[in-house]
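All remarks here apply to the structure that follows.
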Amino acid sequence: MSSKRAPQSSRVAFGCATAVLFLISGCASVSSVQSGTPIDDVVQKFGRPSITCSQPDGSRRMVWTQQPEGETAYALIVGTDNKVSAPRQILNDGQFAILGNGQKWTPEAIRCEFGPPANMTEDGIGHARQWVWGYRYMRGSDPLMMYIYMGKDGKQMTRFGAAPDPDRNEEVMGGRR
């Protein structure tokens, strides 16, 4: 092997090793955070949350999400001591059920609960036209969208419901994946 090839192959090997380490560390997510971890450590490791909301008791709710393309979002509660609770995966049927609790769901409340949506579109005709927020998630191995209808003015939820994700379901709209 010539002396020119040895350094080049060493650089390639180093580059491959670096890429593997990057991929392995990329598998870590907010879901692995331990309760009691200082919030500064969480932000240093995983970056800033997608949304932070102050809570009435002085704590903060922080959401890290993979939307618009991913199907998970994790919420942490940060106490007044700046330590976090155990993470909760919030894009699932159990969490979306909270939308049926009779509360007035404003855009701010929905963002605080689930993070920013994967998409926002208008749907309907004439007076029935309203804003629709879509959250991508999984039910078992089924890719779904939770659609939250926000009324004509976009200021309050009027209804919600799940349907197959048209971009990830072969049977719906050709499965554009």
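The values are calculated or read from the model by the stated rules, or taken from the named source; none is laboratory data. These figures come from a predicted structure and were not determined experimentally. Cβ coordinates were reconstructed from backbone atoms using ideal geometry, including for glycine residues, and neighbour counts include every protein chain displayed. Calculation scope for accessible area: heavy atoms of the full protein, side chains included, ligands and nucleic acids excluded. Shrake-Rupley method; radii C 1.70, N 1.55, O 1.52, S 1.80 Å.
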Starting from the Cα gyration tensor of the stretch 104-176, take the square roots of the eigenvalues, sort them a ≥ b ≥ c, and report rounded, prolate or oblate (rounded when a/c is under 1.5, otherwise prolate if a/b is larger than b/c, else oblate). oblate
Let me check something: with ligands and nucleic acids excluded, how do 160, 46 order by accessible area (1.4 Å probe), largest to smallest? 160, 46
Sequence of 120, 146 when ordered by accessible area, the most exposed leading, probe 1.4 angstrom: 120, 146
What does the accessible area of residue 138 come to, in Å² to the nearest 10, when a probe of 1.4 Å is used? 70 Å²
For 155, 83, give me the order by solvent-accessible area with a 1.4 Å probe, most accessible first, ignoring ligands, DNA and RNA. 155, 83
Spelling out what I want: for every residue of the stretch 58-64, take phi, set θ = phi - 60°, compute 6.51 cos²θ - 1.76 cosθ + 1.60 (Karplus), and round to whole Hz; glycine and proline get x. x, 7, 10, 9, 10, 10, 10
Could you tell me the calculated FRET efficiency between residue 43 and residue 81, based on Cβ-Cβ distance and R0 = 25 angstrom, to the nearest 0.05? 0.95
Given a 1.4 Å probe and the protein chains all in place, what does the accessible area of residue 170 round to, in Å² to the nearest 10? 130 Å²
Tell me the relative contact order for the stretch 104-176 as a rounded percent, counting alpha carbon contacts under 8 Å between residues six or more apart. 23 percent
